[in-house]
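Trainee: First the structure, then my questions, so here it is.
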Amino acid sequence: GKMVSMKHNLNNGDTVEILTSNKQKPKKEWLKYVRTSKAKSRIRSWLKRQQRDRSLASGKRMLEREIEKYSADDTGRKQYHRKMEHVLTTFDLKDEEHLLVALGYGQISLESVMIEVFGAAAVKTRGNSSQGDKREIDDEFVRAKLTSDA
């Protein structure tokens, strides 16, 4: 047989050998080539799960960095955990994982979470985070978003 691209249209009776690799991952562009709704559904599901995982990791990094700005020791983290139920109730979220994903997706602002944990006065007096910190977080989110669209 001969090698053909993914774009090649198959005809009835064509025999194909599918080459697989453990390193290969579904890509968004594959949705243009697959025909069955089952295949499309599985690709979309995989892509969505990957984006969620990236948003979870991004939300966790952003939150950890921000909490560290409130205390050099562990008191900021302890305060965050003490206020967890309040934060989840305020944002109508099921658990901390949902909070981190929402932060990663940008559905909830980091500042609003910090206000719920440390209070508006503490957030205001902590000093506005430097533009460098904000820019670093924004760049991180953009990189995560760009890789998910690729």
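Please treat every number below as a calculation from the coordinates, not as lab data. Just so you know, these numbers come straight off a predicted model, no measurement behind them. Note: ideal-geometry Cβ built from the backbone for every residue, glycine included; neighbour counts use all protein chains shown.
Trainee: Between segment 69-97 and segment 1-68, what's the alpha-carbon centroid distance in Å?
Mentor: 34
Trainee: Highest mean first, what order results for 92-104, 42-54, 10-22 on Cβ atoms within 10 Å?
Mentor: So the order, starting with the most tightly packed, is 92-104, 42-54, 10-22.
Trainee: Here's a follow-up. A 30 angstrom limit on the alpha carbon distance is what I want to check against. Which of Lys32/Lys94; Lys25/Lys60; Lys40/Lys83; Lys2/Lys38 exceed it?
Mentor: Lys32/Lys94; Lys40/Lys83
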